[in-house]
Each structure stands twice: as structure tokens, then as C-alpha cells.
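Chemist: Sharing a structure here in C-alpha cells format.
The values are calculated or read from the model by the stated rules, or taken from the named source; none is laboratory data. The structure displayed is predicted, hence computed values, not measured ones. Cβ atoms come from the backbone with ideal geometry, glycine included; neighbour counts cover every protein chain shown.
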Amino acid sequence: MTNSLTHPKQGDKENSPWFNEFLIKLLEDRDRIGLTDMIRQIDALMITVEPGCSIAYIKELSLMTPYHYLVTLESETHWTHILRIDMRSPDILVREVRDPNVSGIFRSLNEVYPIGAHKPNSRYMGEIFRVTNLHEVVELQRAREIRFFNQDQIRKLELPGNLALVKPSPYTHNVVGYWERPESELRIYALGNSIIHNEVNKAYVEAKNIQAKVGLDQLILPVDHLATRVYSQNREAAILEYLTLSSYYYWGSYNIEDQNSSTNVTKSIHYPHESYSPAKVFTAANHPYFVNHIVGLPSPTENFVRNYGPRLHHIALSVADGETKGMENIDYVVETIRAQGKDFLLDVIGSKEEGLKQIFSSASEHSSLIVEYVQRYGDFQGFFTKDNVASLTMAAGVEENLKMLQAEATDQ
């Protein structure tokens, strides 16, 4: 039986006695009933974009990531485009709502937030986990009071019929899906008609030709981690809920005091290398917004959640260690992508001496997601340094404040 409590905790963030107690109880229970062994890696990431945006977004992803366009699944109200690196790393499902008047639960999660409402269909939905016994996993989770969409609801949402889908989290607004797949078999999504979408394929080929020409295809590696932002009061519940739904363990938390936030990391118990199953990171403010005027600190994380809602903030990709044309690979990647017209929120931060360098892109106009690049040196095992994450958080906050001002001006 797998033991999810063997990993030493990292970081300096203090958790509550309640968190420490139930972290042990939940993971021991998960291990004991077999869920840890049955729930394996993340097989896919699901993203929805506005009508008419999927072609441009896939072109953007094809330049900035190692993903390749595979096929499009055509259903009544959605295009679902499948992007893949290989069978070791998660797929990305880019869903485009074909009819702008279509409403539903995922759209409603955007519409009550000032900036989120301006792009009501643009959001990261969640992850699909491979499991070894779907029926047993679902029954065990239901016994733990986890709620699922029924098959009729999944059909109406036009999501793959071979999924079991947990209802959106009250803490992250993301979903978790399960499906049964032997690891040696291909990923096949039971949804709609499979076609090669000519315009998507044309955009993909153009971007990949540029990527190969400048050598980015050899430097940008698979997804390293996924970072979700939640309200301050929901930090501990969001972490424990994800550990309940997955086979991840609690890696640790770091306090980023001058940005009034903390960064909290969970990792796969089965796959130590993140390219097989990305780490899941939760960022939350240390204090709720209404005490900011008393503590006198910035609150970019809480402001993001108030403007967009709890949601995924960025997808981080690894960059191969080494140099290209006399530059560190991450510097070369960023300068080359900048030359193609993509903006970044700041210059590359960190150093070889600190163990890693990293940077945030500006948020995609198509998905509202930021891409982070991370280059590690030697045997550095972490996801950030405290100075780096403070700078990244501050830079993202500046962009998000500007978008809030623009949204307010539009609404007047």
C-alpha cells in the first residue's frame, strides 16, 4: 500500500492545527481504501475559450509550448481541439463555444466577477486523471460525499462521455475528471465527430514552422506546474480537497510576506518528474481584502480572485538547461518569443547561483491564462525562490490592476 505521508514538508508557512490534523487523516484514509493506488497521473487539461478564439489560441500555444494539434472533436455547440506532446505528458483540450448565446455552469462561474464577466467563456476548467478502476473510484469518492455530474449532464455539457466528472469546487471553481485507461493504450475522447479542422491545422503548421526555424522546439519542455489562485480563507480547504480528489501529496508552503501571500505546492505521489503529472500549486493571500487598509500591504492575489474568481492563474513550462547562441536557454526563449509579438510582464528573474530563472508572459487574450517559463540548474528541486515569486506576483498584479481599470471604464 502506498504511503502518502513519507515526504518531508518544505517551506516556512505555518498551517492551522486543523489542517495538520486532517492532512494526516485524509491521506491515511485515501491510502487505506486504495484510492491513492487507483488514481494515477493527469491525462488532460481542459480549457474553454470564447467563440472564434480557438484558432488564434492554438497558434499561440503551438509557438509557446511543445504541444501539437492532433484532431478536432465536433459536437453540436462546441469544437474540442486535442493538443498533445506524447503519451507521457497531459493533453490539452481547447474547447470553443460555437454559439455565444450558450450558457451553462462554467460560464456562470465567470459572470459574477468584474473582469471574468468580460470574457464569460474563457476559463481553465480542470484536470482529467487516469484511474485503474473507474467504477470503484467513483463509488469510493461518493462515499466520501464527493458530488459528480450525472451522465445526462455530461452529455448536455458536451464533454467526453467516458469521463466521470466531479462538480466544480467551491474553493477553486475547477473540476476534476476521472477516466479508466490502461497506461499502454492511447487516449481516446468519446465525443462528437473527429475531423482535422483546416484553419486550426493551418495556424498550427505556421506556428510550428516558426518554432522549429528559431530552435524553440528543442528548448521548451512539458508542463511543470499548474497554479491556481484562491481566496485567503479557502487556502487550506482547497489544498486538502485536491488531495482528497487526487493521488497528490502535500509538498509544502512558503510565505511571501511582502506580497501578502503564500505559495502552496502539491505533487504526484506516483510520478516524481512533473512532465508526467504536473505539480498543482495554490496561491492565496495571507489576509482577506478588507483588512488591507489596516495591515498596509499589497494584495495582488486576493485582488485577482475578486476580479476573476477563483481559477487557474498560470501554466508553467520547463525550459531545457543550457545555453543557445551565448544566452541562457530561458533568455533565448523569451527574446525569441518577444520578437514574434508576445509580451512578458517583466524581465527574466533569478540566476544560476540561486538555482533557477523564471518569467511570466502577459495573460493570453484568448484564455486569460499566463504562461510561465522555468529553467532549473543542476539538481535544484524547487519551483521558485521567495524573491522570484514576490517579483512575479507583483508584476502580475500590476497587469491585473490595469485590466480592472479598463473593465471599469468599459462598464461606465
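Chemist: Scan the range 289-320 for residues that are under 23 Å from the mean Cα position of the chain (by Cα) and part of a loop (DSSP other than H, G, I, E, B) and jot them down.
Modeler: So the first thing to find is which residues in the range 289-320 are under 23 Å from the mean Cα position of the chain (by Cα), and the list is 299-320.
Residues satisfying the conditions are Ser299, Gly309, Pro310, Ala320.
Chemist: Let me ask something else about it. Collect the residues in the range 165-188 that are surrounded by 13 or more Cβ atoms within 10 Å (Cβ to Cβ) and more than 21 Å from Ser122 (Cβ to Cβ), keeping them in residue-number order. Let's see the steps before the verdict.
Modeler: So in the range 165-188, the residues surrounded by 13 or more Cβ atoms within 10 Å (Cβ to Cβ) come out as 165-169, 171-181, 187.
Across the range 165-188, the qualifying residues are Val166, Tyr178, Trp179, Glu180, Arg181, Arg187.
Chemist: OK, next. So, of the residues in the range 70-114 that are out of contact with any strand residue (DSSP E or B) (no Cβ under 6 Å at 6 or more places or on another chain) and closer than 19 Å to Ile220 by Cα, which turns out to be surrounded by the fewest Cβ atoms within 10 Å (Cβ to Cβ)?
Modeler: Asp86
Rundown of residues vs (1) in the same structural domain as Arg107 (by TED's automatic domain parsing); (2) of a type outside the set (A, V, I, L, M); (3) at pLDDT 95 or above; (4) farther than 18 Å from Val94 by Cβ, yes/no style:
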residue: Lys156; (1), (2), (3), (4): yes, yes, no, yes
residue: Gly161; (1), (2), (3), (4): yes, yes, yes, yes
residue: Tyr171; (1), (2), (3), (4): yes, yes, yes, yes
residue: Val205; (1), (2), (3), (4): yes, no, yes, no
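Chemist: Can you pull out every residue in the range 1-17 that is surrounded by 11 or more Cβ atoms within 10 Å (Cβ to Cβ), farther than 15 Å from Tyr248 by Cα and in contact with a helix residue (DSSP H, G or I) (Cβ under 7 Å, 6 or more places away or on another chain)?
Modeler: Asn15
Chemist: Residue under question is Ala117, and the condition is that it be surrounded by 15 or more Cβ atoms within 10 Å (Cβ to Cβ), more than 19 Å from the chain's Cα centre (by Cα), outside the structural domain of Ser368 (by TED's automatic domain parsing) and of a type in the set (Gly, Ala, Ser); does it hold?
Modeler: yes
Chemist: Evaluate the following for Gly252: is it over 30 Å from Lys25 (Cβ atoms) and either buried (at least 24 other Cβ atoms within 10 Å of the Cβ) or among the small types (Gly, Ala, Ser) (or both)?
Modeler: Judged against the criteria, Gly252 is not a match.
Chemist: List the pairs whose first member sits in the range 10-25 and is outside the structural domain of Gln233 (by TED's automatic domain parsing) and at pLDDT 95 or above, whose second member is assigned to a helix (DSSP H, G or I) and charged (D, E, K, R), and whose Cβ atoms are under 7 Å apart, counting only residues at least 6 apart or on separate chains?
Modeler: Asn15/Glu236; Ser16/Glu236; Phe19/Glu236
Chemist: Within the range 33-69, how many residues are touching an Asp or Glu at 6+ places or on another chain (Cβ under 8 Å), part of a strand (DSSP E or B) and not basic (Lys, Arg)?
Modeler: 7
Residues checked against (1) of a type in the set (Gly, Ala, Ser); (2) within 19 Å of Pro310 (Cα to Cα); (3) under 20 Å from the mean Cα position of the chain (by Cα):
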{"residue": "Ser108", "(1), (2), (3)": "yes, yes, yes"}
{"residue": "Val112", "(1), (2), (3)": "no, yes, no"}
{"residue": "Leu134", "(1), (2), (3)": "no, no, no"}
{"residue": "Gln141", "(1), (2), (3)": "no, no, no"}
{"residue": "Asp152", "(1), (2), (3)": "no, no, no"}
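Chemist: Take Lys342 and decide whether it is at pLDDT 90 or above, under 25 Å from Met125 (Cβ atoms), among the basic types (Lys, Arg) and not assigned by TED's automatic domain parsing to the domain that holds Gly52.
Modeler: yes
Chemist: Checking Ser275 against (1) surrounded by fewer than 22 Cβ atoms within 10 Å (Cβ to Cβ); (2) more than 18 Å from the chain's Cα centre (by Cα), only one condition comes out false. Which one?
Modeler: The failed condition is (2).
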